[in-house]
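Here's the structure, in structure tokens; my notes come after.
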Amino acid sequence: MLAALANGTSTIENFSPAADCQSTLACLERLGVKIDSARGATYLQATTRITGNGLHGLKRSRRSLDAGNSGTTMRLLAGILAGQTFDSTITGDSSLCRRPMRRVTEPLARMGADISTRENGAAPLEIHGKKLHGIEYTLQVPSAQVKSAILLAGLFAEGETLVHEPVRTRDHTELALEEFGVEVARSANGVGLSGGGALRPRNLRVPGDLSSGVFFLAAALILPESNLVLHDAGLNPTRAEVLDLFASWGVPISLLSVREAAGELVGDVAIGHASAEGGTIAGEQVAQLIDELPMLAALGPYTENGIEIRDAQELRVKESDRIAVVAENLRRMGAKVEEFRDGLRVEGKAAGKLHGAEIETHGDHRIAMAFAVAALGAEGPTTIRDADCAAVSFPKFYEALETVVER
């Protein structure tokens, strides 16, 4: 998105083939952005060139923009489109059109945006481009997507836009803004910028995503005699909390060849089979682990003390109600699970070994991948319904998993 707002051509290597990322490209192309993609010999080798026409170079799309399953695409684009001189409509699949959007539209409205939703506050979003002004806003829900939407709208606003976050969330957007030449002001619990500045094109390489890598880390913990290295993984401190969590559970993890690239920490992560203690995930940890929580919950039966997750009611408004769906599928596999309004408690090894079962993903990519990994240590076969939904964030996940699992 930032490359699309820059003056000139940016090259992004290791661009993800995931459906969510492809939805973003498709929306940008409909907004008049020139995009050229070339894929290498494997799905991991991809180069995408994006030619931007400057901050005000987007053009009106004659048709609705389809964000597919991607909440990030919809929410961040809403911030960008709110400050345009034309009208836009963003929609998505049935899952995305059930997710809450008022958390984005309300702060944008304070900036002068005119955005209509359905009565329940969900998509489609009808955005009538307006002149925006900067605001000072405190996040009501810990969400990097909401923070990012406000900051992107701030690029088009008069004056300064400042976002306070009582709980620190992932800061990839702030780092990327700085890489593209935007001056970003940071404080202990806030981030801000002034509108009107020009973005410069950049040549970047995307590091590996730990939120996808966590499935392989968990597989290594489940399967005896495992030894695994994830190469060139993103180690941003707001993304790498899962590594600190595993270390606190007594899991030996090594970080190798750590370096900085385009403002992000990158390195190799080495892990082997180990007995994980388990424990409680709550409070500020939740925002740092929001994408990893389904896998961590599914790992619970393989830990010594089980896993309890609290303060995570946000999981109920993701692609599925992840609290209910994880609990349902774990019970199908024989786990002992207690469900709470804001989380769940999964008993550890003492409760017994998992057995194979039929898993319902409810179209949720992280559920599909989490239970594919959980099934590795279960007795008997497991069938995962609608398994192809994993392609939303990780095409060829099952092929990648098969390459590292010896049978």
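Observations
- Only residues that are buried (at least 17 other Cβ atoms within 10 Å of the Cβ) and over 28 Å from GLY92 (Cβ atoms) were counted across region 351-375, and they come to 4.
- From THR105, THR89, residue being outside any loop (DSSP other than H, G, I, E, B), closer than 14 Å to ILE150 by Cα and polar (S, T, N, Q): THR105
- When ALA78, ALA123 are checked against the criterion of being in a loop (DSSP other than H, G, I, E, B), hydrophobic (A, V, I, L, M, F, W, C) and under 20 Å from LEU28 (Cβ atoms), ALA123 stands alone in meeting it.
- Taken over region 110-120, residues that are modelled with pLDDT of 95 or more and either more than 26 Å from the chain's Cα centre (by Cα) or not in a loop (DSSP other than H, G, I, E, B) (or both) amount to 5.
- There is at least one residue in region 188-204 that is under 26 Å from PHE15 (Cα atoms) and under 20 Å from the mean Cα position of the chain (by Cα).
- Taking the listed residues THR91, THR73, THR51, the one that is without any contact (Cβ under 8 Å) to a residue 40 or more places away in the chain and either of a type outside the set (A, V, I, L, M) or over 28 Å from LEU315 (Cβ atoms) (or both) is THR91, with no other qualifying.
- Evaluation of ARG60 against the conditions (1) in contact with a Phe, Trp or Tyr (Cβ under 8 Å, 6 or more places away or on another chain); (2) crowded, with 19+ Cβ neighbours inside 10 Å; (3) in a loop (DSSP other than H, G, I, E, B); (4) of a type outside the set (A, V, I, L, M, F, W, C) shows that the sole unmet condition is (2).
- From the list GLN84, GLN140, the one residue that fits, being under 27 Å from VAL33 (Cβ atoms), surrounded by fewer than 23 Cβ atoms within 10 Å (Cβ to Cβ) and either in contact (Cβ under 8 Å) with a residue 40 or more places away in the chain or under 24 Å from the mean Cα position of the chain (by Cα) (or both), is GLN84.
- Within the option set HIS172, HIS164, being outside the structural domain of ALA274 (by TED's automatic domain parsing), within 20 Å of MET1 (Cα to Cα) and not β-branched (Val, Ile, Thr) holds for one residue only, HIS172.
- The one condition in (1) crowded, with 22+ Cβ neighbours inside 10 Å; (2) over 23 Å from SER393 (Cβ atoms); (3) of a type outside the set (Lys, Arg) that THR280 fails to fulfil: (1)
- The residue that is nearest to THR238 (Cα to Cα), counting only those in region 167-191 that are of a type in the set (S, T, N, Q) and surrounded by fewer than 20 Cβ atoms within 10 Å (Cβ to Cβ), is ASN189.
- Any hit, region 22-44, residues being surrounded by 17 or more Cβ atoms within 10 Å (Cβ to Cβ), more than 30 Å from THR403 (Cβ to Cβ) and small (Gly, Ala, Ser): no
Residue by residue, here is whether (1) of a type in the set (S, T, N, Q); (2) at negative phi; (3) in contact with a helix residue (DSSP H, G or I) (Cβ under 8 Å, 6 or more places away or on another chain) holds:
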| residue | (1), (2), (3) |
| --- | --- |
| GLU136 | no, yes, no |
| LEU177 | no, yes, yes |
| PHE180 | no, yes, yes |
| LEU193 | no, yes, yes |
| LEU199 | no, yes, yes |
| ASN203 | yes, yes, no |
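- In region 205-294, counting only helices (runs of 4 or more DSSP H) that sit wholly within it, the ones holding 2 or more residues that are of a type in the set (S, T, N, Q) span 210-222, 284-288.
The values are calculated or read from the model by the stated rules, or taken from the named source; none is laboratory data. Predicted model only: the values in this text are computed from it and were never measured. Quick reminder, even Gly has a Cβ in these numbers, built from the backbone with ideal geometry, and neighbours come from all protein chains shown.
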